[in-house]
Amino acid sequence: MKARRLSAASALVAALTLGGCKEVGPNYKAPAMPAPPAYSDNGHNGNWSAAAPADGINHGDWWAIYQDVELNSLEQRCAAANQNIEAALHAYEQAHDLVRENKASLYPTVSVGGSATRNRISNTKPLHTPGTPTSYWDFLIPVNISWEPDFWGGIRRQIESSAANAQASAADLANTRLSLQGMLAVTYLQIRGLDLQAKLLRDTLDAYEQTLKLTQDRMKGGLASDIDVEQAKTQLEQTRAQLIDLGVERAQMEHAIAVLTGEPATNFHISEKELTGDPPSIPTGIPSELLQRRPDIAGAERRVASANALIGVAKAAYYPSITLGASGGVESDLISQVFNAGSAMWSMGPSANEVIFDAGRRKAQVDYALAQRNQAAALYREQVLSAFRDVEDQLAALRVLEEEASVTGQAVASAKRSTELSILRYKRGLAAYLEVLTNQAIELNNERTAASLVSKRIVASAQLQIALGGGWNSTQLPKN
């Protein structure tokens, strides 16, 4: 009889296990998001053009293309010491630990305990036999096994959801790293742009000092007035004030980089070196590749997958909850007999529970999960559209700035020639000092614009690399 009971229980467990292979809820399919065949402003309307994909896509240190040793060092320090990156790393670790916790639900829970209690029975208890002991010890060592098989796939859907969420957290980490290292690169290049402007202003100060000396010499010879001298001094000091003003902006940018590298701003300094040259060629690829290259897009897509799996978790609540349990151990009133064969006890068997009425709670939970999935899909599509816009913005900036730099370069050359001619005319007494003053101001303004464009173009190239994902690819996401 005992063997038949065990055989029947085993058959029930086997039948339930074999039957429990379904997973409720919709299988995941990534939201459709059509991408244009090519970027509309990929350098075809101007002199600037992006590098062909064959030129090589950077797969890591995208900032190395600027060939600046100090920038490379600062980027490595940012990756190792930035506190926001550290926080994002720990957020991913938490999400990964949640996956491990959910996976543990697939397995039985086994617990063991022990107790020793002294008990007394009432003498007036019904059916109590007079003369029998009213006090006794109860020594118990129980072992309990409980398992809720995942017959309907609710646990597997929960694991699927948490795994996708962990991948989204890993993408968030990559995006945080890209954003902060991108911010560092942009700030660093802007500092180098300020250094270029500072060099220009120092060179201009030298020229203005020579002009002031010329004016003073002419005044001594009776060929210039006090007004000319004072105007020359005014121009010189205004330019010196502009140079000092650059120092304030540069110091603030240095302090920002100090925070990005996890260091106190006090005594943090970046040596001066002016920015030169044209922006490097950047391989843009095709728009459809952007869906794999941007960590923020990958994170948004993984959140859609996570929300989709939660629909199955909600639908699993419609099915019975089945638990397989077993308990056993030893129990005796004498400690010396606790481990005797006669002290053994056990029980086993399945249990099931089904909710018959819940006033629409489960339906509301399913509808809530569906709405979450639809919201995540909408946010994903919005993220993709924003990414396309980011790339197009920087492509347009590079093209337009290239054209502006070319025109400004011609303006600078003309302004230099005009200043030279006006000084020559002033020396010969053919022009008033106001003409020199005006042309020098125009020249400086054009030169500063040209210097600013050097910085803007190279910064735009860095921002384009950030918009393209910085060499990251969704294949780098952990598999969990």
Q. Bin by bin, in steps of 10 Å, what percent of the Cα pairs in region 219-297 do you find, going until the bin that has the longest distance?
A. 13, 18, 21, 22, 13, 8, 4, 1
Q | Environment charge of THR134, counting only residues whose C-beta is closer than 15 Å and scoring Lys/Arg +1, Asp/Glu -1 | A | +1
Q) Using a basic spin-label model with each label point 7 Å from the Cα along Cα→Cβ, how many nm lie between LYS213 and VAL355? A) 9.1
Q: Using the structure shown, list the pairs from LYS233/LYS456; LYS416/LYS456; LYS199/LYS416; LYS199/LYS273; LYS233/LYS273; LYS199/LYS427 with a Cα-Cα distance above 20 Å, or answer none.
A: LYS233/LYS456; LYS416/LYS456; LYS233/LYS273; LYS199/LYS427
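Using only C-alpha positions, report the orientation-averaged shadow area of the convex hull of region 119-250, nm², one decimal.
That works out to 23.3 nm², a quarter of the Cα hull's surface.
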Q.
Under a crude label model (7 Å from the Cα following the beta-carbon direction), how far is ALA341 from ASN445 in nanometres?
A. 10.9
Q.
Please compute the Kirkwood hydrodynamic radius of region 225-361 from all pairs of different C-alpha atoms, in Å with one decimal.
A. 26.0
**Q.** Integer Hz, Karplus 6.51/-1.76/1.60 couplings in order for region 379-394, x for Gly and Pro
**A.** 5, 4, 4, 5, 5, 5, 4, 5, 5, 4, 4, 4, 5, 4, 4, 6
Q: State whether region 76-149 is rounded, prolate or oblate according to the following rule on the C-alpha gyration tensor (a ≥ b ≥ c being the square roots of its eigenvalues): a/c under 1.5 gives rounded; otherwise a/b larger than b/c gives prolate, and the remaining case gives oblate.
A: prolate
Q: Taking every pair of Cα atoms in region 419-476, average 1/r, invert it to obtain the Kirkwood radius, and report Rg/Rh to two decimals.
A: 1.50
Q) If you place +1 on the Cβ of every Lys and Arg and -1 on the Cβ of every Asp and Glu, how big does the dipole about the Cα centre of region 145-217 come out, in debye to the nearest 20? A) 80
Q: Pull up the DSSP beta bridges for the chain and report the antiparallel fraction as a percent, rounded to 5.
A: 95
**Q.** Vicinal HN-Hα couplings computed from phi for region 441-447 (Karplus, 6.51 cos²θ - 1.76 cosθ + 1.60; Hz; Gly/Pro x)
**A.** 5, 5, 4, 4, 4, 5, 5
Q) Which listed residue (THR276, THR438, SER288) has the Cα farthest towards the positive end of the charge dipole for the chain, taking +1 on Lys and Arg C-beta and -1 on Asp and Glu C-beta about the Cα centre? A) SER288
Q: Please work out, to two decimal places, the log10 of the ratio I(q)/I(0) at q = 0.15, 0.20, 0.21 Å⁻¹ from a Debye calculation in which every Cα of region 312-406 carries one identical scatterer.
A: -0.84, -1.01, -1.04
Q.
Taking just the alpha carbons, could you work out the radius of gyration and Dmax for the chain, both in angstroms?
A. 38.3, 140
Q. Under a point-charge model restricted to the Cβ atoms of Lys and Arg (+1) and Asp and Glu (-1), what is the dipole moment magnitude of region 232-343 relative to its Cα centre, in debye to the nearest 20?
A. 360
(Q) Compute and list, largest first, the equivalent-ellipsoid semi-axes of region 128-171 from the alpha carbon gyration tensor, each √(5λ) rounded to a whole angstrom. (A) 54, 14, 8
Q) Assuming a viscosity of 1.306 mPa s and a temperature of 10 °C, what translational diffusion coefficient in µm² per second does Stokes-Einstein assign to region 139-206, Rh being the Kirkwood radius over Cα pairs? A) 88
Q: Among GLN76, ALA450, VAL24, flag the residue with its Cα farthest along the positive direction of the charge dipole of the chain, charges on Cβ as +1 for Lys/Arg and -1 for Asp/Glu.
A: VAL24
Q: Per DSSP H run of at least 4 residues, take -39500 (n - 2.57); add these up for the chain, divide by its residues and hand me the 222 nm value, nearest 500 deg cm²/dmol.
A: -21500 deg cm²/dmol
Q. When the convex hull of the Cα atoms of region 380-453 is projected onto a plane and the area is averaged over all directions, what value comes out in nm²?
A. 5.6
Q) From the backbone phi of region 324-339, what are the Karplus-calculated ³J(HN,Hα) couplings (6.51 cos²θ - 1.76 cosθ + 1.60, θ = phi - 60°) in whole Hz, Gly and Pro given as x? A) 9, x, 8, 9, x, x, 10, 8, 7, 8, 10, 5, 6, 10, 4, 9
Q) Which of ALA359, ASN308, SER336 sits closest to the plus end of the dipole of region 259-364, meaning its Cα is farthest towards the positive end, when Lys and Arg get +1 and Asp and Glu get -1 on the C-beta? A) ALA359
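Since every read-out is calculated from the coordinates, none of them should be taken as a lab result. Just so we're clear, the structure is a prediction, and the values are computed from it rather than from any experiment. Here Cβ is always computed from backbone atoms with ideal geometry, including for glycine, and neighbour counts include all displayed protein chains.
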